[in-house]
Amino acid sequence: MIGIKVIDVYYSKEFNHHYFRVKLATTDLFFNTREVRNERLALARENINHIINFNRVIEYKSPHLWQKLAEDNDVIINFNSDQARNRWIERLEGDFKKYGTKETFLLKVLKSFKRLHWIRIENEEYLEFQIRLNKEKYGSEIKFLKEYLSKYSKILQSNDICYLERFK
């Protein structure tokens, strides 16, 4: 982060032991005392990409590849079956109810669907969101989303923006 560049990474799981070795080299940024935030951030991104790259990640049972896909707004995360979807939604909902508050429940639900890239949250305070799914291709997912949200709130819509009423 401070000017050290990752040159190579070695990871091994031999004999039930995990071994991780990183070959590093100093750059001009390491010796630079000026404020060069953008250059340091670019180097940090490069280092992260070197450590967590698809070539390496695909060989290991690592969540990093899927986390990168989940961060890409051009990817829609979907389920193979209604049962799988319901199981995951119930798991999330259970945690929100158990560890969260009634006041934050709806926002947490919206954030979950945002992570699946089904919606884009326009305003967290007013629980405004836009459905991102293509109506023709993802009609059943949109139907599920609206039915699910309707269990907990009234959905209001103005143009393409939807709003949830808060608990009273």
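Derivation of every value follows stated rules applied to the coordinates shown; laboratory data play no part. Since we're looking at a predicted model, the values are computed, not measured. Cβ atoms come from the backbone with ideal geometry, glycine included; neighbour counts cover every protein chain shown.
Counting only alpha carbon atoms, the long axis of helix 82-99 and the longest principal axis of the chain meet at about 80°.
Taken along its three principal axes, the alpha carbon spread of the chain comes to 57, 46, 36 Å, from the longest extent down to the shortest.
Can you compute the label reach from K137? Point 7 Å from Cα along the Cβ direction, backbone N cut-off under 17 Å, restricted to the stretch 66-103. Within reach of a label on K137, which here means backbone N under 17 Å from a point 7 Å along Cα→Cβ, the stretch 66-103 contributes 69-80. Along the chain, counting only chymotrypsin sites (Phe, Trp or Tyr not before Pro) with a DSSP assignment other than H, G, I, E or B and at most 12 other Cβ atoms inside a 10 Å radius, the longest segment between sites is 61-125.
With Cβ to Cβ distances under 11 Å as the rule, what net charge do the other residues near K23 carry (K, R +1; D, E -1)? Once positives and negatives cancel, what remains is +1. Against the chain, whose longest principal axis comes from its Cα atoms, helix 139-150 is set at around 70 degrees. Extension gain, T33-F79: 0.36 nm per intervening residue step, less the Cα-Cα distance, totals 11.6 nm.
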